1. Which residues, counting only those in segment 53-69, are open to solvent by 20 Å² or more (accessible area, probe 1.4 Å) and either hydroxyl-bearing (Ser, Thr, Tyr) or under 15 Å from residue 9 (Cα atoms) (or both)?
2. Scan 31, 36 and give me the residue that is modelled with pLDDT under 95, open to solvent by less than 40 Å² (accessible area, probe 1.4 Å) and in a loop (DSSP other than H, G, I, E, B).
3. Find the residue count for segment 16-28, including only residues that are exposed (fewer than 15 other Cβ atoms within 10 Å of the Cβ) and either of a type outside the set (A, V, I, L, M, F, W, C) or farther than 21 Å from residue 60 by Cβ (or both).
4. Would you mind stating whether residue 8 is assigned to a loop (DSSP other than H, G, I, E, B) and of a type in the set (A, V, I, L, M, F, W, C)?
5. So is residue 6 under 11 Å from the mean Cα position of the chain (by Cα), of a type in the set (Ser, Thr, Tyr) and either open to solvent by 80 Å² or more (accessible area, probe 1.4 Å) or modelled with pLDDT of 95 or more (or both) or not?
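The values are calculated or read from the model by the stated rules, or taken from the named source; none is laboratory data. Computed from a predicted structure; not experimentally measured. Cβ coordinates were reconstructed from backbone atoms using ideal geometry, including for glycine residues, and neighbour counts include every protein chain displayed. Protein only, heavy atoms only, side chains kept; ligands, DNA and RNA dropped before computing areas. Shrake-Rupley method; radii C 1.70, N 1.55, O 1.52, S 1.80 Å.
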Amino acid sequence: MSGLKTLIDLNTNDTAIIENCDHSGYGSTRLQEMGLIPGNFVRLIKKSPFSGPIEIKLHGFYLSLRKELAQKIQIRILN
């Protein structure tokens, strides 16, 4: 899909819509229950330095994700 990026590509306070997720090996049921599914909006709160985790806001709560998982979540940046 052209134009798609991953959560890692977001800058602080960017908002995006999730387009595709590959949760394999990351407790996919739990991640889906938390809202990491296509069609949901996310906002990047902060990125940790040196390839550390990122923090996103999703459905009014904050979630930290490892870089490896964040790279598997394709998004479309809205702003």
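1. Result: 53, 55, 62, 64, 66, 67, 68.
2. Being modelled with pLDDT under 95, open to solvent by less than 40 Å² (accessible area, probe 1.4 Å) and in a loop (DSSP other than H, G, I, E, B) holds for just one of 31, 36, which is 36.
3. 6
4. For residue 8, the condition - assigned to a loop (DSSP other than H, G, I, E, B) and of a type in the set (A, V, I, L, M, F, W, C) - is not met.
5. Yes: the conditions hold for residue 6.
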